[in-house]
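The values are calculated or read from the model by the stated rules, or taken from the named source; none is laboratory data. What you are looking at is a predicted structure, and each value in this text was computed from that prediction instead of being measured. Cβ: placed from backbone, ideal geometry, glycine included. Neighbour counts: every protein chain shown. Ligands, DNA and RNA are excluded from the accessible area calculation, which covers all protein heavy atoms including side chains. Shrake-Rupley method; radii C 1.70, N 1.55, O 1.52, S 1.80 Å.
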Amino acid sequence: TGEVVAMTGDGVNDAPALKQAQVGLAMGIRGTDVAKDAADIVLLDDNFASIIQGMEQGRLAAVNLQKSIMYTLCSKIPQVAPTFAELLGVPQALKVTHVLLVDIGTDIVTAIAYAVQASEADLMHSVPRPMSERLVGWRVLMYSYGYFGWMQMACCWATFFLVPGIQDLMSVPADEWTAEERLVDVQGMTAYYWALVAGQLAAAVCTTTKSQSLFSYGLPNGALNVCIVFEVALALAAVYWGPMQGMFQTASLGWQSIVLPVGLALVLCLVEEARKAIVRPSGGQAGYEPLTNGGEPLMGGSP
């Protein structure tokens with residue numbers, strides 16, 4: 001039927017079934033050495049409830065890894081867009097140093113923080129992931145490359161083109177720019193970078209859950225919260241601190257260019273909440289309960 005079969009046992013006569021099953025679980029206390037050798041997993045406390053806890057931790061690890069990947073990939077669309085836009089005569093909107101500052105200074109540590117993210121309420125009530133489904137499947141790629149990444153890019157371009165004087169540069173060749181016009185372009189690039197950081201902050205918050213509302217789930221874990229504060233501090237330092245301005249070729253921004261991306265990031269969070277509200281009813285199979293089978297408790301005990 002394509003189902004994953006798990007077998008529990010403790011005796012010598014259970015060894016063939018433990019070996020044949022996709023997952024063989026032998027009892028660690030009362031199990032024989034033959035059963036333990038044939039099994040894939042040895043249950044140290046002989047408590048069937050530990051099997052369910054292990055399943056939950058396995059699901060949580062897989063889901064958190066998917067969330068981390070979804071978050072990391074979201075920034076790739078707005079990062080690559082300025083390169084193609086330059087072919088259409090748009091002034092340079094992002095430098096390689098800005099991309100590195102986002103990838104190394106923002107994304108890496110934040111992506112790791114998902115490892116300690118708590119589970120959503122429906123984690124053990126959703127149907128198991130098919131064995132043929134890859135961890136980075138089409139849903140993950142569609143979320144980052146076909147949905148959230150495009151919204152991030154739109155926010156970045158809106159912030160970029162609203163920088164005073166940036167649109168005037170499109171009618172003048174870059175090699176003919178005056179010093180003032182070059183400063184305007186640097187400010188535009190800085191605004192695009194800040195909007196990208198704000199978009200990634202929104203992605204970090206939004207990918208905290210796949211279907212559960214953040215209003216019921218709460219704030220991300222402590223490590224992720226610290227990373228978000230660090231991202232904001234690093235980005236503001238890159239925008240306003242002299243040594244980092246020279247290192248990463250940025251310029252100070254007016255309050256409008258700072259506030260606008262933050263407001264747009266909040267809009268992204270609200271859009272994502274609306275999406276979650278739409279998909280939540282189908283987020284899991286109605287009535288699916290991994291601890292029971294047709295209303296009868298599994299493994300001879302009550303959940």
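Couplings 3J(HN,Hα) of region 116-122, computed from phi: 10, 6, 6, 6, 7, 5, 9 Hz, in residue order, whole Hz [Karplus 6.51 cos²θ - 1.76 cosθ + 1.60, θ = phi - 60°; x for Gly and Pro]. Taken along the Cα-to-beta-carbon direction at a fixed 7 Å, the label points for Trp241 and Tyr145 span 3.6 nm. For Ala118 and Val80, the difference between the fully extended length at 0.36 nm per residue and the C-alpha to C-alpha distance is 10.4 nm. Of the residues Met131, Met142, Met151, ranked by 1.4 Å probe accessible area with the largest first, the sequence reads Met131, Met142, Met151. Note on region 201-267: semi-axes of the ellipsoid equivalent to its C-alpha gyration tensor, largest first and rounded to whole Å, are 28, 14, 8. Accessible surface for Asp175 stands near 130 Å², nearest 10, in the context of the full protein assembly shown (1.4 Å probe).
Between 0 and 90 degrees, the angle of helix 149-161 with respect to the longest Cα principal axis of the chain falls at about 20 degrees.
The modelled label-to-label distance for the pair Glu176/His125, using points 7 Å beyond Cα in the direction of Cβ, is 6.6 nm. Per residue, the convex hull spanned by the Cα atoms of region 7-61 amounts to 64 cubic angstrom.
Give me the percent of DSSP beta bridges within the chain that run antiparallel, rounded to the nearest 5. The antiparallel proportion sits near 20 percent. Once the Kirkwood radius over Cα pairs is known for region 57-101, the Stokes-Einstein relation at 10 °C and 1.306 mPa s delivers a diffusion coefficient of 127 µm²/s. Plainly put, region 1-145 has a radius of gyration that is 1.20 times its Kirkwood radius, both from alpha-carbon atoms, as the Rg/Rh ratio.
Estimated from helical segments only, the mean residue ellipticity of the chain at 222 nm is -17000 deg cm²/dmol, where each DSSP H run of four or more residues counts as -39500 (n - 2.57). Between the amide H of Thr8 and those of Leu25, distances stay under 5 Å, these residues lying 5 or more places away or on another chain, with hydrogens modeled in the peptide plane.
Here the scattering of region 65-195 is modelled by Debye summation over its C-alpha atoms, one equal scatterer each and no solvent; at q = 0.15, 0.16, 0.19, 0.23 Å⁻¹ the log10 of I(q)/I(0) is -0.79, -0.86, -1.08, -1.38. Shown here is the pair-distance distribution of region 158-270: with all Cα-Cα distances grouped in 10 Å bins from zero up to the longest one, the shares run 14, 38, 29, 14, 5, 0 percent.
Relative to the longest principal axis of the Cα atoms of the chain, the long axis of helix 255-279 makes an angle of roughly 30 degrees. Counting only protein heavy atoms and a 1.4 Å probe, region 1-135 has 54 square angstrom of accessible area per residue. Remark: region 119-170 projects, on average over all directions, an area of 6.1 nm² (convex hull of Cα atoms). Against the chain, whose longest principal axis is taken from its Cα atoms, helix 222-240 shows a tilt of about 10°. Centre-to-centre separation between the Cα atoms of region 157-174 and those of region 216-287: 24 Å. Annotation: Val205 carries an accessible surface of approximately 40 Å², with a 1.4 Å probe and no ligand, DNA or RNA atoms counted. Labels on offer are (1) 44, 20, 17; (2) 51, 18, 16; (3) 103, 32, 19, and the one holding semi-axes √(5λ) of the Cα gyration tensor in Å computed from this structure is (2). Accessible surface of Trp241, taken over heavy atoms with a 1.4 Å probe and every protein chain present, rounds to 140 Å².
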